[in-house]
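The values are calculated or read from the model by the stated rules, or taken from the named source; none is laboratory data. This is a predicted model, so every value here is computed, not measured. A quick note on method: Cβ atoms are made from the backbone with ideal geometry, for glycine too, and the neighbour counts reach across all protein chains shown.
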Amino acid sequence: MVDALGRANPEPLLSAAEPVLVSALGQCAPLHEVVNKLKDVLFQRGVGPLALGVLRIDPSEQKLEILNAGLPHIGCVDNTGAISLEPALSNPVGLLPDEHHSYKLTSLTADTTLCVFSEGVLQGSRARSLPRDLVSELHLERWGGRLCSAPIDESSRLVSGALWRSHLSPEEGVCLFVHLPGPPRDSLDPASTRPPKKSSPRP
């Protein structure tokens, strides 16, 4: 996710960033290289800083890379409802020329939903207590998979309801949800591992 941080005319910034990010991320470049390429372009064109959030999933290695440069906390909710928040580890890219943009490498946890918000989403009377309130009101332990697969009108209703309950009233903003599915529910049922019952003999 990229966030132009409320600029009245974000088009020059986004048009400069998009081809760099699409190319670098598409080639699976290391995240520090992705950020350095983006930073170079932003300074060359003088278009200003850009908040950046990247979730890179590696199923084969069971690893998740999280880069948060200037965005609100990235939420992570497991199937028990436990919430963890990943704060920004640096300023937006392009704000300071020599800043190092760290990222986090963690284990991939199945049946978990990740959520990324642009700054514009967290506007309202209780914005200081967020995004934990919003993440909690989304009930992602129950709705995470549905939210990511439902038609846009249904997912919009789920998010709008959570925004209202969290006393948020954004004029505009972007929410990104990524669900990491767990094993099929049948495999979680101990009864499914039992041998089938033998049919009773007929009298």
Point to revise | Residues satisfying the stated conditions in the range 43-74, i.e. of a type in the set (S, T, N, Q) and closer than 21 Å to GLY6 by Cβ | key: ASN68
Practice item. Return a yes/no flag: does the range 124-137 have any residue that is closer than 30 Å to GLU33 by Cβ, out of contact with any Leu (no Cβ under 7 Å at 6 or more places or on another chain) and touching a residue at least 12 places away in the same chain (Cβ under 8 Å). Key: no
Check your understanding: So how many residues does the range 149-182 have that are over 16 Å from THR113 (Cα atoms) and modelled with pLDDT under 85?
Key -> 7
Revision key, fill the gap. All-but-one check, ILE57 against (1) farther than 26 Å from ALA8 by Cβ; (2) touching a Gly at 6+ places or on another chain (Cβ under 6 Å); (3) not hydroxyl-bearing (Ser, Thr, Tyr), failing number (2)
Check your understanding: Could you say which residue among LEU25, LEU50 is within 25 Å of LEU122 (Cα to Cα) and within 20 Å of the chain's Cα centre (by Cα)?
Key -> LEU50
Exercise for review: Give just the number: which of (1) modelled with pLDDT under 75; (2) farther than 22 Å from ILE57 by Cβ; (3) assigned to a helix (DSSP H, G or I); (4) of a type in the set (Gly, Ala, Ser) does SER187 not satisfy?
Suggested key: (2)
Exercise for review: Identify the residue in the range 49-71 that is part of a strand (DSSP E or B) and in contact with a Pro (Cβ under 8 Å, 6 or more places away or on another chain) and, among all such residues, is surrounded by the fewest Cβ atoms within 10 Å (Cβ to Cβ).
Suggested key: ALA51
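Those residues that are in a loop (DSSP other than H, G, I, E, B) and modelled with pLDDT of 90 or more, I need them from the range 86-97; list them, please.
Listed by number, the residues that qualify are PRO87, ALA88, LEU89, ASN91, PRO92, GLY94, LEU95, LEU96.
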Point to revise | Qualifying position, being part of a strand (DSSP E or B), surrounded by 14 or more Cβ atoms within 10 Å (Cβ to Cβ) and of a type in the set (A, V, I, L, M), among VAL41, VAL116, VAL34 | key: VAL116
Practice item. Could you figure out which of (1) among the β-branched types (Val, Ile, Thr); (2) touching a Leu at 6+ places or on another chain (Cβ under 6 Å); (3) without any contact (Cβ under 8 Å) to a residue 24 or more places away in the chain isn't true of VAL47? Key: (3)
